[in-house]
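Written out below as structure tokens is the structure these notes cover.
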Amino acid sequence: MMWKSFIKPIAVCSFLIFSSFAIAANAPESGKEDDTVAAANYQKYCALCHGAERQGHVNDDAPSLRSKSLMSAGFDERLMAVSYGRRGTAMGGYLDEVGGPMSEDELSSLMQWLQKQSGVEAVELPLEPVVGDIALGKEIYADECAGCHGENGEGDIGPALGNPVMLSLTSDSFLRYAIVNGRDGTDMPPFGDYLEPDQIDAVTAFLRSRATGWSVEKPVFRTPPSVENYVLNPDSPGPEFSLKDGLYVLAKDLNEALQNNKRMVLLDTRVTSMWQMAHIEGSVPIPYYYELYDSLVADLPSDGTWIVTYCECPRAAAEDVNSELRDRGFKNTAVLWEGIQGWVSLGYPVSRGEVTLVDLKK
Ligand code: HEC
Ligand code: HEC
């Protein structure tokens, strides 16, 4: 069946990027059983940020997945966003190939289910690049877009449009469609009636000019620490954290404790592909969708050793795992206040994995 092989990212990718919009528009109906699994997978993996009702903005500024203008454009770009994630944002990659928890088939069913829930069909978008006056586009961007998307496309109320991963996984027509139609139910206004077509081409071309290519990074997998190595510096005394609001440890205090080789456990609660890309040295990947708490409890020290959880930013995933631990009687637990993004921007060390580049255009 066509959908089964649909997202094979390397082998089938030219097919994927360049010829499948028409197929997405005529997607075969998925079966009832697939739908039940997909709905459950949605709640398990996505609801934390995008909301139980797909309404968006529950955590980490995750966009609405109900917006008809999002769901009507570019099935493939959405599939790519979920498969590979958006580097530099809380949106991680869910495909097993980059270290995520889901197979191609599961992802494909999930995305078909999301499409069905939206009640709109994906429209056919032209595949040709949009040609426009980049210098003009730059001016329009500064006047009309920078207020929400950031002066350098770094993102603000709106997502980071300068994100090379976002740009490398989206076609020009997908960007243009979002600009013309906006995203109903969100702050993204439609510019179709306000800007002339050549102005819209110009700003689209400007965004595209900031992309660096069409490749994504695929991590060389690292093995998570084994149970005997969960506790860092087992022979040392633990740190003396004083917590903000009874829950949060500041990056400065955590860094100091790590530098001084204090005894503790660090849990990385993001989707596991993000742990593969980069993590705080010594952390154990226990993602927010983890379910085997009974065995985890047995693997964690119950002697008051500090257990610190962290995620991207802000803190939804880390708070989730933390409260599971507190419910099970662990007392000295804390959430990293700044998240790993804050940690990195403060200049504290992370251990980055090796990556290989996968060229999506081949
Ligand atoms: C930890 C929070 C978090 C989780 C969990 C999460 N997302 Fe996201 N998602 C985000 C954020 C933040 C963005 C916006 C990224 C950006 O700025 O480009 C996003 C973007 C997306 C997009 C792109 C939307 C667009 O406007 O192009 C899709 C599609 C998506 N997510 C689907 C999913 C699905 C499906 C799941 C579950 C498998 C999921 N997300 C899990 C936070 C999350
Ligand atoms: C008032 C704030 C605001 C303004 C002004 C604005 N945007 Fe947006 N934009 C947003 C928000 C919020 C989203 C995310 C919507 C969602 O949740 O799907 C968005 C989404 C987008 C997307 C889709 C990105 C993706 O990941 O799928 C594109 C492309 C975009 N905007 C381009 C522009 C351009 C170009 C301009 C100027 C011509 C502009 N925007 C002006 C708020 C704004």
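The values are calculated or read from the model by the stated rules, or taken from the named source; none is laboratory data. No experiment lies behind these values; they were computed from the predicted model shown. Positions of Cβ are generated from backbone atoms using ideal geometry, with glycine treated the same way; all protein chains shown enter the neighbour counts.
The table below gives the values:
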quantity	calculated
Residue 296 being touching a Phe, Trp or Tyr at 6+ places or on another chain (Cβ under 9 Å) and surrounded by fewer than 23 Cβ atoms within 10 Å (Cβ to Cβ)	yes
Candidate set from segment 40-70 (those that are charged (D, E, K, R) and assigned to a helix (DSSP H, G or I)); member that is nearest to residue 85 (Cα to Cα)	44
Out of 160, 178, 90, sole residue that is small (Gly, Ala, Ser), in a helix (DSSP H, G or I) and near ligand 1 (Cβ under 10 Å from one of its atoms)	178
Residue ID - farthest from residue 68 (Cα to Cα), chosen from residues in segment 163-175 that are in a helix (DSSP H, G or I) and touching a helix residue (DSSP H, G or I) at 6+ places or on another chain (Cβ under 8 Å)	165
Filter result (surrounded by fewer than 23 Cβ atoms within 10 Å (Cβ to Cβ), touching a residue at least 60 places away in the same chain (Cβ under 8 Å) and either within 16 Å of ligand 2 (Cβ to nearest atom) or not β-branched (Val, Ile, Thr) (or both)) within segment 299-314	299, 300, 301, 304, 313, 314
Segment 147-157, subset exposed (fewer than 15 other Cβ atoms within 10 Å of the Cβ) and either of a type in the set (A, V, I, L, M, F, W, C) or part of a helix (DSSP H, G or I) (or both), residue modelled with the highest pLDDT	147
Test: residue 264 is touching a residue at least 24 places away in the same chain (Cβ under 8 Å) and within 26 Å of the chain's Cα centre (by Cα)	no
Answer residue from segment 44-61, given it is of a type outside the set (Gly, Ala, Ser) and more than 18 Å from residue 107 (Cα to Cα) and is modelled with the highest pLDDT among those	53
Residues located in segment 253-298, provided they are more than 20 Å from residue 230 (Cβ to Cβ), at pLDDT below 95 and not hydrophobic (A, V, I, L, M, F, W, C)	273
Condition check for residue 122: surrounded by 19 or more Cβ atoms within 10 Å (Cβ to Cβ) and away from ligand 2 (no atom under 13 Å from the Cβ)	yes
Candidate set: segment 163-172, residues that are more than 8 Å from ligand 1 (Cβ to nearest atom) and of a type in the set (S, T, N, Q); chosen: the one surrounded by the fewest Cβ atoms within 10 Å (Cβ to Cβ)	168
Single match in 39, 52, 73, 81 (criterion: near ligand 2 (Cβ under 10 Å from one of its atoms) and surrounded by fewer than 23 Cβ atoms within 10 Å (Cβ to Cβ))	81
Residues of segment 187-202 classified as loosely packed, with under 15 Cβ neighbours inside 10 Å and part of a helix (DSSP H, G or I), total	2
Sole residue being hydroxyl-bearing (Ser, Thr, Tyr), closer than 17 Å to residue 40 by Cβ and not in a loop (DSSP other than H, G, I, E, B), chosen from 83, 108	108
Near pairs, Cβ below 7 angstrom, 6+ apart or cross-chain, from segment 140-168 (without any contact (Cβ under 8 Å) to a residue 60 or more places away in the chain and closer than 20 Å to residue 130 by Cβ) to any residue that is assigned to a helix (DSSP H, G or I) and more than 8 Å from ligand 2 (Cβ to nearest atom)	167/208
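To keep it simple, each residue is scored yes or no on (1) over 23 Å from residue 84 (Cα atoms); (2) among the basic types (Lys, Arg); (3) near ligand 2 (Cβ under 8 Å from one of its atoms).
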position	(1), (2), (3)
127	no, no, no
140	yes, no, yes
147	yes, no, yes
153	no, no, no
158	no, no, yes
167	no, no, no
170	no, no, yes
175	no, no, yes
186	yes, no, yes
